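Written out below as structure tokens is the structure these notes cover.
The values are calculated or read from the model by the stated rules, or taken from the named source; none is laboratory data. Fair warning: this is a prediction, and the values are worked out from it, not measured in the lab. Cβ placement follows ideal geometry from the backbone for every residue including glycine, while neighbour counts extend to all protein chains displayed.
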Amino acid sequence: MKTKVTTPGRLAGLAVAVALFTAAATEANAQEKGATKLPQLNSSKATPVAIVSDYKPMACANCKDRFISVPDTDTRGAGARALVTTDAPTRIIVKHLCGSCANKWVVKGHGKAKTSVPVHNCGSCG
């Protein structure tokens with residue numbers, strides 16, 4: 001049996017095909033792609049809290065610091081440091097020149113984020 005396709009049938013099929021293609025294209029454009037959606041999914045919804053630094057500079061005008069070179073007594077990597085330098089390995093530290101001041105080392109944080117922070121106490125001005 002032979003089927004004959006007429007012109008109105010072709011136009012109706014073409015109209016259905018165009019309608020389906022248009023609907024699929026607008027739906028594909030409405031979707032967000034993975035690369036643009038991923039940062040939105042990974043970002044936190046909460047805003048970070050601003051941390052106020054408790055650093056206070058030296059209040060006294062007599063307080064001054066100077067860089068000095070001291071022998072490096074750290075045992076880790078001593079062989080490598082000895083190979084790099086021709087004489088004894090040294091490191092540069094800061095020495096406070098005022099005799100009435102004191103520095104305390106305070107440990108802040110815990111675990112891997114633990115750090116030692118120096119806290120300066122000026123003895124001449126309070």
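Data for the structure
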read-out	value
Scan of region 107-124 for residues that are aliphatic (A, V, I, L, M) and more than 24 Å from the chain's Cα centre (by Cα), ordered by number	VAL119
Residue in region 20-56 that is modelled with the lowest pLDDT, counting only those that are outside any helix (DSSP H, G or I) and of a type in the set (Val, Ile, Thr)	THR47
Residue, modelled with the highest pLDDT, within region 64-122, restricted to residues that are over 27 Å from ILE51 (Cα atoms) and among the hydroxyl-bearing types (Ser, Thr, Tyr)	SER69
Counted residues, region 1-19 - those being in a helix (DSSP H, G or I) and at pLDDT below 85	0
Neighbours by Cβ (under 9 Å, 6+ apart or cross-chain): first from region 104-126, among the basic types (Lys, Arg); second modelled with pLDDT under 80	LYS104/PRO118; LYS104/VAL119; LYS104/HIS120; LYS104/ASN121
Selection count where residues are in a loop (DSSP other than H, G, I, E, B) and surrounded by 10 or more Cβ atoms within 10 Å (Cβ to Cβ), scope region 95-126	9
